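First up is the structure itself, then whatever we jot down about it.
The values are calculated or read from the model by the stated rules, or taken from the named source; none is laboratory data. Nothing here was measured: the structure is a model prediction, and the numbers come from that model. We place every Cβ from the backbone using ideal geometry, glycine too, and count neighbours over all the protein chains shown. Just so you know, the surface numbers come from the protein's heavy atoms only, side chains and all, with ligands and any DNA or RNA stripped out. Shrake-Rupley method; radii C 1.70, N 1.55, O 1.52, S 1.80 Å.
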Amino acid sequence: MTDEAHLQAAIAEARAAEQSGEVPVGAVIVHNGEILATGQNRVIRDADPTAHAEIVALRAAGRALNNYRLEHCTLYTTLEPCAMCAGAILHARIERLVYAASDPKAGACGSALSVMNHPLLNHRVQVEPGLLAEECGAMLTAFFRSRRKAANAQPAMGIQPHESTAEASPVTTKKAAKKTPKKWSAKINTDSTHPDHGLFLEDAESIAKALATKEVSPKGPASGMRMLNFYINRAGKNLPADRHRELEKAKEILSGIIANQKPSAPSATKRATRKTAVS
């Protein structure tokens, strides 16, 4: 098989990762002309920050050869390895690295860092970048564009959400500088418009009462309700079921507070008095 064919196998791994909600990066390791191991991004599924496609493939190849040294092996990956993966490739004694798209934000083969083949390190890898770079770059661009589109579809409230930078596309443009600091209000992977840390971890009554105060919602309880609705929508599937129920209960309590604060309709006597005064 050719380099292109092996890299196409890595692309297939990347697309499988994307179908599982991961950033689409895939890798394969070839030994004696045959694919020895494959890997795809698994950081979300495995809750493992080290589970990059290259690391997953290196682990599988080590088990296949029953050796932590992967000599005479070529690693193919759809994206320039980061510092962690580059270090692992060097430690594994990979002979050759072929990657597609460059990563200007985290690539450690010369784009952002030069970990690979650093002059002070004792192993050299034959690095060949750029094969099928356009196809792999387009795949990553489409993935992050859809992520941004989904994020922008959330309803906009008083304070705009801070866009997550946990995963950065290697092909996107620089984001505009944020004018306000990032605010967190719960121990989940999402942003909130609420300025007080941890409020939405409280019980329903405490949440509702706080959102009804002028200190928290200067425009009144209605703006507090908008904050709460935005938070629930932004958190989405990250919210545990019991927390979601508590927040829905807080909405009911806050709705009652809003209803009680609405001015009642003027009585018939008062309307008659005003009508007499006018005539």
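Data table
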quantity: Extreme residue, farthest from Leu7 (Cα to Cα), among residues of the stretch 89-109 that are open to solvent by 50 Å² or more (accessible area, probe 1.4 Å) and under 27 Å from the mean Cα position of the chain (by Cα); calculated: Lys105
quantity: Residues (outside any loop (DSSP other than H, G, I, E, B), closer than 24 Å to Glu71 by Cβ and touching a strand residue (DSSP E or B) at 6+ places or on another chain (Cβ under 9 Å)) located in the stretch 101-126; calculated: Cys109, Gln126
quantity: Filtered residue count, the stretch 121-144, keeping only those that are touching a Ser or Thr at 6+ places or on another chain (Cβ under 8 Å) and open to solvent by 50 Å² or more (accessible area, probe 1.4 Å); calculated: 1
quantity: Residues (within 13 Å of Ser102 (Cα to Cα), over 18 Å from the mean Cα position of the chain (by Cα) and of a type outside the set (Gly, Ala, Ser)) located in the stretch 113-150; calculated: Leu113, Val127, Glu128, Pro129, Leu131, Leu132, Glu134, Glu135, Cys136
quantity: Residue among Ala27, Ala10 that alone is within 24 Å of the chain's Cα centre (by Cα) and part of a helix (DSSP H, G or I); calculated: Ala10
quantity: Breaking point among (1) at pLDDT below 95; (2) open to solvent by 70 Å² or more (accessible area, probe 1.4 Å), for Arg15; calculated: (1)
